[in-house]
Amino acid sequence: MAPKGVDAERLRIIAAGEALTRDLINTPASDMGPTDLEAAAADLAERFGARMTVTKGDELLAGNLPLIHTVGRAAAADRAPRLVDLRWGDQGPS
C-alpha cells in the first residue's frame, strides 16, 4: 500500500517503463538488432494504441537523416539502420 497522496499506479507504470528501457539497453547488439528493436516498439505501439512509423535503409537518406544512415552502415547488410517514431496522444505528460 502506498502512502497517502502517492499515485501508486503511476509509479508502477514508470517503473515498468524504466525496466523495459534497462532490458533493451542491456541486451547485447548481437542479440538485439534494429529489427528486434522495431519489433519491441511495434509491441508497445499495439499495446498502447500508438501510431508508429519506421524509416529505414536508404529511406533515411531521402528523409535527410544521413547520420543515422551512416552509423547504421557499419552493421551487416541484413541489419539496415532505422528510425522508429512512436506517437500517441496529442500532448506531453501531465
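The values are calculated or read from the model by the stated rules, or taken from the named source; none is laboratory data. Everything numeric in this text was worked out from a predicted model, so none of it was measured. Every residue, glycine as well, gets a Cβ built from its backbone with ideal geometry; the counts of neighbours run over all protein chains shown.
A count restricted to the range 32-75 and to residues that are under 27 Å from A19 (Cβ atoms), among the aliphatic types (A, V, I, L, M) and not in a helix (DSSP H, G or I) stands at 5. All of A16, A29, A2, A80 fail the test of being in a helix (DSSP H, G or I) and either within 17 Å of the chain's Cα centre (by Cα) or at pLDDT below 90 (or both), apart from A16. No other residue among E9, E59, E46, E38 is modelled with pLDDT of 90 or more, surrounded by 14 or more Cβ atoms within 10 Å (Cβ to Cβ) and more than 12 Å from the chain's Cα centre (by Cα) apart from E59. In this structure, is N64 at pLDDT 90 or above, among the polar types (S, T, N, Q) and within 21 Å of R87 (Cα to Cα)? So N64 fits the description; yes.
Among the residues making up the range 19-35, a single one is surrounded by fewer than 15 Cβ atoms within 10 Å (Cβ to Cβ) and closer than 13 Å to R82 by Cα: T35.
For the range 76-87, a residue qualifies if it is loosely packed, with under 15 Cβ neighbours inside 10 Å, among the hydrophobic types (A, V, I, L, M, F, W, C) and under 24 Å from T21 (Cα atoms), and exactly one does: L86.
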